[in-house]
Each structure stands twice: as C-alpha cells, then as structure tokens.
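Notes follow once the structure below has been shown.
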Amino acid sequence: MAQVGTPAGGFASLWNGSAGSSPGTSLADIRTIVGANTATTAHLDGTGIGIAIIDTGVVPVPGLPANRIVNGPDLSFESQATNLRWLDTYGHGTHLAGVIVGDDATSGSLGLAPKAKLTSVKVGTANGAVDVSQVIAAVDWVVANRNHDPSHPIRVLNLAYGSAGNPAFWTDPLHFAVEQAWHAGIVVVAAAGNDGNGFGRLDNPAANPYVLAVGASLTKGTLTTADDELAPFTNLANAGKQVEVLAPGESVLSLRNPGSNVDNSYPGARVGTTLFRGTGTSQAVAVTSATAALLLQSKPWLTPDQVKQVLVESGTFLPNGPGANFGLRTLNLHAALGYSPVWYPQQWTRSDGTGPIDTSRGTSRVVRNGVTLDGERSIFGTFSSSGWAGQSAARTAWSGGLWLGHRMAGDGWTGSSWASQTWAGATWTSPSWDGSGSWTDPAWSSHFWSTGAWTPGDWGSHFWSTDSWASACWC
C-alpha cells in the first residue's frame, strides 16, 4: 500500500466490494436490525446529544441539514488550501455523517440520530493522509470544547481511524488521548479494523481497554439478527482486548459525496444520485455512535463506563460462525433501554502517555517531499510525549487555535462555511518536519466546492503534493 486511500486492511477494496449486485442495507433497515424502531425506541432521535467525528470532513450533500453540522477546526494538510478547508475530498466522513445525522427519509438517508448535533473535526485528506499527531490534537480539541454547546454537549466520539501501531497501552500517547476523552465523560467508539478475523489484534485505539471497540456484522439481507454473522474483514484479537460489540457494516447505504476519491474510484457503489454503498468497521462504528447517542438521550445520566456496559451486555448473541464462538453480540437498543445491570466501573491501568509517539504511529507514515515523518516528531517537528501528556491532562494543550504552541487553526468560532457554526481556519506558519518551511500546494488550486456540488474534476488522479501514506486505516 503505497498511496493513501489504500490503507492497511484494504479499506478501498471494501468500498469496491460493496459495489456488487446487492442493493445494500438501508438505514431504515439498520434501525430495525439494531432495535431502534420499536414502540419503546422509535421516538428517540438524538435530541440534546452532541457527537464528534474525527475523520475526513463533511460536505453539504443533499440529506445533511446544515443546522445539525458544526465544523470544528480543520487539522488536515488540506486546511492550507482554503478552498478545501473542512470539506471531505475523500468521501469517508460524509458517508459516516449520513449514517449518524442524515435527515431525509425521502431519499433514504434518514440517519439513526438525525436530531443530534455532529461536530466534524477534519484530519484526513483526499487520499486519507494523516499522522497520529494530528489525530491526538483532534482528540485534545474535542475534550477541550466538549461543552461549547450546552444544549448538545459532546457525549460521543466517533473514531473510525486505525493506526498500524501496536504499542503498550499503559504508555502510548494515542491511548492516553482517548482515555482523557473517556474520563471527561465522552463515549469513545472505535473501529476494530478491516484486516480480517485472523489479523490477531485490534487497531489502535480500539485496542484501548476503556473505549468501545466495534466490529462489523453481516446481516444477510434480513431484518432479523438470527442469521447474522461476524464480517470476515473485522479484526479479531488473539490476546488482550477483543471486539466488544458488532453492528451492521456491509453495503451500508448512506450519503454519496460526488467527485470524492471513493466516488470516482468506485462508481459501481453509487445508488441513484445521492446514495453510496460503504462497507467496513467504519460504518459499524457510525451505527454504534448513533445508537449510543439514542441511549444517552433516553438516559442522559449514564457515564461512558455505563453506556459501554449496557450496550455490550444487552446485545444479542450471534448464533452462528466464528463470532458465536467468541461470544460476540450485536447491538440491541430496545434491550438496552430495559437493561438494569449491577454497575461496575472499569478499573484498567491508565496510560501515562509518556511512550514514544513513533510506536503509536507504527508503520503508518506520511511522506512529504520525500521525507518520512517518523521518530519523536509531530507534523511540526520535535514532540515530547511527557510534555504533551501533562498539558493534555491539564486541558492546556490547546490555547485558542494553538496546539502545543503551534498554530493549527484560528482562535475561535469566527469562521464561516456551509455548517451552522465553524471554527476559524489559519495558515500554518510553523515549519514542517521535512524542513521545507512551506505548507502551500498549488496542486489543489483548480478544485473547489461551488453551488452545492463538486466542480468537474477527477480527485482520483490528485494527491497532496508528492505525499503518501502507508499501513493505516480509515476503517
């Protein structure tokens, strides 16, 4: 895998695989499958719950209401191209946003939590390129700004990103970051990965013992879970943290992002003019994040530990296949609302965040001007894990638009875009890790979002300068 957009686990091939003769699994069907449209649950729509999604951005396609979308800071490399800032040139984030807050039943894009407020923090480019330091910065920002909207505080974090690193969780920086979110009252929902049942471990940060690790189920085209099976592309662990819950993740029909990388690469996955079939643990994570939001709408006093316990223990056991052998369960919101367990808090060893960021990165490397980002460096240069961990824990890693003293965004909610509210953008003045000192790139100058649709152009043949990415996953 030499180019971003073809991450480890074959994310791109999963999109391609979803473009077969199957009509796909509609969001309406998924509501039935996860028990979200019974007499007890059908009234739940996510009202009052904020969900953050750290991904590749979101674009204003039909079916996404502007008043339900907030643009947090764009921390991606594309933020330096002002005509791409906040927008999803890949197609991944928009697809997941539709699963969560799509709000157009006529077109088939009514999400599971259409009245929740979705805060998009963009970190990935048109070919998915992102360094783990950008993901950590995004998690820090979500924690720092979780209560910005008191009417929709951020209670759920959708993280369909998987690093190829396999670090010790008790020192790893990415593990530390997601634990900070968890202990701040945010349910972190993470993708197990798409490398297959025999891969032997979960992606980072799904491998963290606190967060909710999600795999994908195959629904077999029915509305009952009696014939469901574990998706063969879902990562399973040989030891340590295992997948904790499953949700539909095969040929999920959600919003199409015309002209995006995946839209151009897999035209056979298009359904009509507005929908697109997507397959992976990413889609399962989006279903789970929305379901968690519905549970929190009904029972807002639940802690992240309690949400995890309820969703896992009230799930329906898989009856067949490898998933049944592992005792895996699929989401069942109807059962969750009536479940009254004996509560037990999670008491795992917590990460101290002082381990090497390069171990967290693993083989997931971005390359700029022929220089690979590795070692103890962020995208701006030297990175001190222990220094960052102290600031992250104290909620001081961000100051306005500065993260660890580096300008990554504007200083507040002063920007403008199609979304109901937007965090301002900024030019990066800090030097890059390759020593070039320049973050501009003319390759993007002829592409922009205009009049509600992508202008003509083939994103599939354009990449961020000469950069590449290997062995990482937008799952």
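Going residue by residue through region 167-189, is there one that turns out to be touching a helix residue (DSSP H, G or I) at 6+ places or on another chain (Cβ under 9 Å), among the hydroxyl-bearing types (Ser, Thr, Tyr), surrounded by fewer than 24 Cβ atoms within 10 Å (Cβ to Cβ) and in contact (Cβ under 8 Å) with a residue 24 or more places away in the chain?
Within region 167-189, one or more residues are touching a helix residue (DSSP H, G or I) at 6+ places or on another chain (Cβ under 9 Å), among the hydroxyl-bearing types (Ser, Thr, Tyr), surrounded by fewer than 24 Cβ atoms within 10 Å (Cβ to Cβ) and in contact (Cβ under 8 Å) with a residue 24 or more places away in the chain.
Any idea which of (1) within 29 Å of HIS152 (Cβ to Cβ); (2) part of a loop (DSSP other than H, G, I, E, B) is the one GLN306 doesn't satisfy?
Answer for GLN306: the failing condition is (2).
Mind listing whichever residues of region 254-274 are assigned to a strand (DSSP E or B) and either at pLDDT 95 or above or on the phi > 0 side of the Ramachandran plot (or both)?
Within region 254-274, SER254, LEU255 meet the criteria.
Does VAL156 count as within 27 Å of THR234 (Cβ to Cβ), in contact with a Leu (Cβ under 6 Å, 6 or more places away or on another chain) and at pLDDT 95 or above? Let's see the steps before the verdict.
Details: within 27 Å of THR234 (Cβ to Cβ): yes; in contact with a Leu (Cβ under 6 Å, 6 or more places away or on another chain): no; at pLDDT 95 or above: yes.
Here the answer is no, as VAL156 does not meet what is asked.
What about VAL342, is it farther than 25 Å from GLY128 by Cα, of a type in the set (A, V, I, L, M) and surrounded by fewer than 18 Cβ atoms within 10 Å (Cβ to Cβ)?
Taking the combined requirement at face value, the residue satisfies it.
Listed residues GLY98, GLY72, GLY93; which is in contact (Cβ under 8 Å) with a residue 40 or more places away in the chain, farther than 30 Å from ALA393 by Cβ and buried (at least 24 other Cβ atoms within 10 Å of the Cβ)?
Exactly one residue qualifies, and that residue is GLY98.
Determine which member of the set THR41, THR56, THR82, THR47 is surrounded by fewer than 24 Cβ atoms within 10 Å (Cβ to Cβ) and in contact with a His (Cβ under 6 Å, 6 or more places away or on another chain).
From the options THR41, THR56, THR82, THR47, the qualifying one is THR41.
Any residue at all in region 105-113 that's touching an Asp or Glu at 6+ places or on another chain (Cβ under 6 Å), among the aliphatic types (A, V, I, L, M) and in a loop (DSSP other than H, G, I, E, B)?
no
Name the residues in region 353-374 that are farther than 13 Å from PRO205 by Cβ, assigned to a loop (DSSP other than H, G, I, E, B) and modelled with pLDDT under 95, would you?
Within region 353-374, THR363, ASN369, GLY370, LEU373, ASP374 meet the criteria.
Among what's in region 25-34 and is over 21 Å from the mean Cα position of the chain (by Cα) and surrounded by fewer than 23 Cβ atoms within 10 Å (Cβ to Cβ), pick the residue that is farthest from ALA226 (Cα to Cα).
ALA28
Taking the condition modelled with pLDDT under 50, hydroxyl-bearing (Ser, Thr, Tyr), in contact with a strand residue (DSSP E or B) (Cβ under 8 Å, 6 or more places away or on another chain) and surrounded by 18 or more Cβ atoms within 10 Å (Cβ to Cβ), does SER417 pass?
Working: modelled with pLDDT under 50: no; hydroxyl-bearing (Ser, Thr, Tyr): yes; in contact with a strand residue (DSSP E or B) (Cβ under 8 Å, 6 or more places away or on another chain): yes; surrounded by 18 or more Cβ atoms within 10 Å (Cβ to Cβ): yes.
Criteria not met by SER417.
Here is a list: ALA247, ALA269. Which entry is closer than 26 Å to PRO319 by Cβ, buried (at least 20 other Cβ atoms within 10 Å of the Cβ), touching a strand residue (DSSP E or B) at 6+ places or on another chain (Cβ under 7 Å) and touching a residue at least 60 places away in the same chain (Cβ under 8 Å)?
ALA247
Yes/no matrix, rows are residues, columns are (1) touching a residue at least 12 places away in the same chain (Cβ under 8 Å); (2) in contact with a helix residue (DSSP H, G or I) (Cβ under 7 Å, 6 or more places away or on another chain); (3) over 22 Å from ILE30 (Cα atoms); (4) of a type outside the set (Gly, Ala, Ser):
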site	(1), (2), (3), (4)
GLY315	yes, no, no, no
ASN320	yes, no, no, yes
ALA335	yes, no, no, no
GLY353	yes, yes, yes, no
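Which pairs turn up if I take residues in region 425-438 that are closer than 9 Å to VAL371 by Cβ and at pLDDT below 85 and look for partners that are surrounded by 14 or more Cβ atoms within 10 Å (Cβ to Cβ) and of a type in the set (Lys, Arg) with beta carbon separation below 9 Å, at least 6 apart in sequence or on another chain?
ASP434/ARG368; SER436/ARG368
The values are calculated or read from the model by the stated rules, or taken from the named source; none is laboratory data. Owing to the predicted nature of the structure, the values given are computational and were not obtained by experimental measurement. When we count neighbours, we look across all protein chains shown, and the Cβ atoms used for this are built from the backbone with ideal geometry, even at glycine.
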